[in-house]
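No lab work stands behind these numbers, since they all come straight from the coordinates. Every value quoted in this text rests on a predicted model; they were computed, and no experiment measured them. Quick reminder, even Gly has a Cβ in these numbers, built from the backbone with ideal geometry, and neighbours come from all protein chains shown.
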Amino acid sequence: MKNILFILVFISTFSYSQKIKNNFQIGDSIPNFSSTLTDGTKFNLESLRGSLILIDFTASWCLPCRKQNAELNKTYQTFVYKRFINAKHFNIISISLDDNQDLWKVTANKDNILWKQQICDGNGWYSPLAKLFEIKMLPTNYLVDGNGKIIAKNIWFDELNNKLRDQLPNSK
């Protein structure tokens, strides 16, 4: 019963998030932004320019997000050291909309998130990055090419892996 409820919540959340439009669409450039990572390191998106980047909005309380973390770990392990047509490698930025940074850190540890670019400013839905991207639903993500252009939006699991494979030099 628990699995059925999770699947229904995931499907309805995913379907609803596909219908929501915000200001960034495929083909748009992502603006540079700065923040502090959960480990205290200063972060600037420009530092990852030239990489394929998945910007993933998430939260510890979001069941579909938590399920996605396990899948993203697999994707990250598969593609992190690959070279792409217009990018030197793949990276993920998790932006948590938790209002408690410590709770997000526990969740990231429990979910064994492998990438270090994790942002949680503790402002929840009022986070400046949530406002910048006009986030209305979780999970939400953007796949950005090495030039900073959005090449996919709200892309999940197999579709994400296929899109990344399509970006490999030997895929054409």
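Under 14 Å from a label point set 7 Å out along the Cα-to-Cβ vector of SER34, no amide N atom of the stretch 122-141 is found. Only helical runs count toward this figure. For the chain, summing -39,500 (n - 2.57) over DSSP H runs of n ≥ 4 and dividing by all residues gives -11000 deg cm²/dmol at 222 nm.
Simple spin-label estimate for LYS131 and LEU168 gives 4.2 nm between the two label positions (7 Å along the Cα-to-Cβ direction from each Cα).
Selection among PRO31, GLN118, TRP156 by position relative to the dipole of the stretch 2-171 gives TRP156 as farthest towards the positive end (Cβ unit charges, Cα centre).
Net charge dipole, the chain: roughly 420 debye, given to the nearest 20, about the Cα centre with Cβ charges of +1 for Lys and Arg and -1 for Asp and Glu. For the stretch 111-133, the residues whose amide N sits under 19 Å from a probe point set 7 Å from the Cα of ASN100 along the beta carbon direction are 111-112, 119-127.
Counting charges near TYR126 (Lys, Arg +1; Asp, Glu -1) among other residues having Cβ under 15 Å from its Cβ returns a value of -2.
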